[in-house]
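S.K.: Here it is, the structure in full.
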């Protein structure tokens, strides 16, 4: 279950010759702030090396939903300031955590400002993508998130989350559909039914 929570963004050192090719933080912030709704298939590489797949729904600000494919069949919902993990195999009530205690809160913020002091601790270019490593500047112990973006047009492709306990989880996105009409009910903490449909 900890691995599933970690989903709720590889950072390579960029040679100096590529420094001019990385996307500016202001442009990335603008892209994230303009990302109101989105849907994408994803592949998750868990801390133990195992793989999970599923569908991600975003409804910024503050809301995300991860629907995991069988055999996981779990649903993780971020909404109303809470991350709720529904695992049908556990026969237990959903686990809940404050969203602000997860690095995912950085990209779900109402106003993403990567230029904020001490938020970005890494900003480079690996030859094909811009990689930004960010943390909550007031609570760095919550962990950090590495975000990978491609250009022309700017698009979020992957993230790696490092939690405060040293765990690491990678989420690789597929084709990102944006501008969708999604039901707000999908992002309620008690919304556990999989198979969400666009509305």
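S.K.: Take every Cα-Cα distance within the chain, group them into 5 Å bins from 0 onward, and report for each bin the whole-number percent of pairs it holds.
M.R.: Result, from short to long distances: 1, 8, 16, 21, 22, 16, 9, 4, 2, 0, 0 percent.
S.K.: Right, here's the next one. When you take every Cα atom in segment 103-187, what is the radius of gyration, and what is Dmax, the widest Cα pair distance, in Å?
M.R.: 13.9, 40
S.K.: In addition: Which length gain, in nm to one decimal place, applies between residue 190 and residue 97 when the Cα-Cα distance is subtracted from 0.36 nm times their residue separation?
M.R.: Here the segment from residue 190 to residue 97 would lengthen by 32.2 nm.
S.K.: Taking 0.36 nm per residue of sequence separation and subtracting the Cα-Cα distance, how much length would be gained by fully extending the chain between residue 138 and residue 37, in nm to one decimal?
M.R.: 33.6 nm is the gain from fully extending residue 138 to residue 37.
S.K.: Cβ neighbours within 10 Å, averaged per peptide: list 130-141, 56-67 in order, most packed at the top.
M.R.: My ranking of the peptides, most packed first, is 56-67, 130-141.
S.K.: Taking 0.36 nm per residue of separation and subtracting the Cα-Cα distance, what length does fully extending residue 80 through residue 113 add?
M.R.: 9.8 nm
S.K.: Label residue 175 and residue 121 with points 7 Å out from Cα along Cα→Cβ: what is the distance between them in nm?
M.R.: It is 3.7 nm.
S.K.: What ranking do 113-122, 73-82 get when scored by the average of other Cβ atoms within 10 Å per residue, highest first?
M.R.: 73-82, 113-122
S.K.: Quick check on the chain: helices-only [θ] at 222 nm, where DSSP H runs of length 4 and up contribute -39,500 (n - 2.57) each and the sum goes over total residues. Nearest 500, please. Walk me through the numbers before you get to the answer.
M.R.: On the way: 3 runs with 19 residues, N = 199.
When only DSSP H runs of four or more count, the value is -2000 deg cm²/dmol.
Values in this text are rule-based calculations from the coordinates and carry no lab data. What you see is a predicted model; the values in this text were computed from it and never measured. Positions of Cβ are backbone-derived with ideal geometry, glycine not excepted, and every protein chain shown enters the neighbour counts.
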